[in-house]
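The values are calculated or read from the model by the stated rules, or taken from the named source; none is laboratory data. All of these numbers come straight from a predicted model, not from anything done at the bench. Cβ: placed from backbone, ideal geometry, glycine included. Neighbour counts: every protein chain shown.
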Amino acid sequence: MASTILELDDIQSGVLRPRPTPYAATYVLFRIDERKAGRELMLRLSSVVSSAAHPVSPAGDTWVSVALTFQGLKALGVPQASLDSFSPQFQQGMAARAKFLGDRGESGPENWEKPLGSPEVHVVLTAIAPDAERLEAAMERARKTYRELRGVTAIWRQDCHVRPDEKEAFGFRDGIGHPAIEGTGVPGSNPNESPLKAGEFVLGYPDEMADMPPIPQPEILGRNGSYVVFRKLHQRVAAFRRYLRENASSPEAEELLAAKMMGRWRSGAPLALCPLHDDPALGADSGRNNAFLFKQDDAVGYKTPCGSHIRRMNPRDADVAGVVRIHRMIRRGTSYGPSLPQGVLEDDGVERGLMFAFVGAHLGRQFEFVQSEWMNDSTFFAGASGKDPVAGAQEGTGVFDIPKRPLRTRLQNLPQFVVTRGGEYGFLPGLRALRWLAELKT
């Protein structure tokens with residue numbers, strides 16, 4: 001892991017640090033109305049955002065990060081030549097890429113929560129901490145940077161929190177997987193996976209293809225930066241529970257079906273290690289609950305179906321179309337809204353779900369590839385025309401195959417359990433880049 005020397009003091013801590021467990025989080029969006037004020041905000045935030053050189057911040061496992069949309073860079077007056085050097089996906093923005101991502105119908109941009117996906121979103125401020133008290137302390141430091149700063153307007157906020165059982169809305173343990181990255185010193189959650197090249201996640205370093213990918217120019221702007229994807233995802237918990245009830249013969253069979261769709265039991269225990277029954281102790285053990293592969297003893301998917309959620313998000317060593325390592329992502333999720341009480345099978349009209357975040361150096365071959373080819377298609381593992389049974393862009397006619405001897409089980413008429421409420425593509429500048437943005441004279 002020492003083969004790559006990262007300039008950790010210039011990389012935002014939120015790029016490389018795993019999400020704390022438990023956690024509390026807040027997302028705030030800003031619109032820049034006056035260029036001078038926007039630049040002043042960048043200067044002030046550069047003193048609040050901690051670097052990855054400090055594994056533990058003064059406030060504990062707490063950090064604040066700042067990202068800019070393409071419209072935000074334009075609002076700051078970044079020269080056109082620099083704007084043109086960003087990735088085409090970032091320049092277009094998530095709303096323009098919606099159909100490619102499967103965001104149609106209810107998930108389409110025309111139905112997104114305002115102002116998500118609009119030209120008004122310029123800056124995304126994220127704060128995350130192990131508890132509400134430390135989160136509030138971090139937010140107070142951040143507020144001092146924009147309070148009474150005329151010309152910058154806070155236009156949206158989403159508060160997130162860990163549920164009492166540390167599970168997401170569907171009832172599954174969340175936040176398990178995190179890749180090891182060369183040069184960070186942060187271990188990955190799967191000891192069977194060798195560290196990934198830093199250039200897969202941070203711009204300015206070699207990636208898994210041994211390339212030095214183009215970075216935004218000038219170099220001070222692009223180097224040590226990363227792209228980030230924010231998505232607000234509403235979870236239809238009652239519909240998920242009803243589908244399990246209608247397609248299983250007993251409560252035990254419901255739990256097994258849910259595990260087959262996800263690839264893990266609700267405790268977090270992977271089917272790869274305990275295919276016949278749940279093991280809560282394994283699910284809670286961060287040293288073991290992600291330590292598995294697929295190819296050696298589960299190539300067909302008898303334990304973990306090839307079309308299950310976790311196998312689509314990370315096929316690991318399985319034989320699939322494409323090289324898995326060039327599509328790996330840093331994925332983080334934080335829950336919003338109250339839990340639906342146990343046993344309730346009817347929707348109560350309350351918003352609940354997940355704020356999803358991806359961090360990486362390649363919007364196209366990481367996030368967009370996984371979303372379109374692995375989540376919403378099955379060609380990569382030679383499967384039927386199914387989509388992710390939990391998070392895919394279903395249309396009520398979807399199928400999901402569960403390999404089984406002597407005959408497979410096929411679920412049919414899968415409804416859409418996750419609806420996109422909105423999202424943004426952002427750029428996480430290095431700390432020097434934040435100061436460069438603050439000093440622009442155009």
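Name the residue, out of 427, 369, that is in the same structural domain as residue 206 (by TED's automatic domain parsing), under 17 Å from residue 229 (Cα atoms) and touching a helix residue (DSSP H, G or I) at 6+ places or on another chain (Cβ under 9 Å). I'd like the intermediate steps shown before the answer.
Working: 369 fails: in the same structural domain as residue 206 (by TED's automatic domain parsing).
Within the list 427, 369, the selection yields 427.
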Listed residues 354, 434; which is modelled with pLDDT of 95 or more and part of a helix (DSSP H, G or I)?
434
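Where residues in segment 311-350 are assigned to a helix (DSSP H, G or I) and not hydrophobic (A, V, I, L, M, F, W, C), which of them is surrounded by the fewest Cβ atoms within 10 Å (Cβ to Cβ)?
Within segment 311-350, the match that is surrounded by the fewest Cβ atoms within 10 Å (Cβ to Cβ) is 325.
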How many of the residues in segment 201-250 are under 30 Å from residue 169 (Cα atoms) and not in a loop (DSSP other than H, G, I, E, B)?
20
Could you give every pair whose Cβ atoms fall below 9 Å, whose first residue belongs to segment 126-141 and is more than 17 Å from residue 14 (Cα to Cα) and not assigned by TED's automatic domain parsing to the domain that holds residue 46, and whose second residue is crowded, with 16+ Cβ neighbours inside 10 Å and of a type in the set (Val, Ile, Thr), counting only separations of at least 6 or pairs across chains?
none
Residue pairs within 7 Å by beta carbon, gap of at least six or interchain, first lying in segment 353-369 and in contact (Cβ under 8 Å) with a residue 60 or more places away in the chain, second assigned to a loop (DSSP other than H, G, I, E, B) and of a type in the set (Ser, Thr, Tyr), listed first then second, are 363/87; 364/87
State which residue is farthest from residue 241 (Cα to Cα) when the search covers only segment 260-282 and only residues that are over 21 Å from the mean Cα position of the chain (by Cα) and crowded, with 22+ Cβ neighbours inside 10 Å.
271
Taking segment 296-325, which residues are touching a Leu at 6+ places or on another chain (Cβ under 9 Å) and among the charged types (D, E, K, R)?
298, 303, 316, 317, 325
Single condition residue 305 does not satisfy, out of (1) within 18 Å of the chain's Cα centre (by Cα); (2) of a type outside the set (A, V, I, L, M, F, W, C); (3) surrounded by 20 or more Cβ atoms within 10 Å (Cβ to Cβ):
(1)
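Looking at this structure, is residue 169 over 19 Å from residue 271 (Cβ atoms), buried (at least 23 other Cβ atoms within 10 Å of the Cβ), in contact with a Ser or Thr (Cβ under 6 Å, 6 or more places away or on another chain) and not charged (D, E, K, R)? Can you show your working first?
Numbers: over 19 Å from residue 271 (Cβ atoms): yes; buried (at least 23 other Cβ atoms within 10 Å of the Cβ): yes; in contact with a Ser or Thr (Cβ under 6 Å, 6 or more places away or on another chain): no; not charged (D, E, K, R): yes.
No; evaluated as a whole, the condition is false for this residue.
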Restricting to segment 96-119, what's the tally of residues that are surrounded by 20 or more Cβ atoms within 10 Å (Cβ to Cβ) and of a type outside the set (Lys, Arg)?
8
Contacts under 6 angstrom Cβ, first residue in segment 228-250 being free of Cβ contacts under 8 Å to residues at least 40 places away in the same chain, partner charged (D, E, K, R) and in a helix (DSSP H, G or I), 6 or more apart:
244/254; 248/254
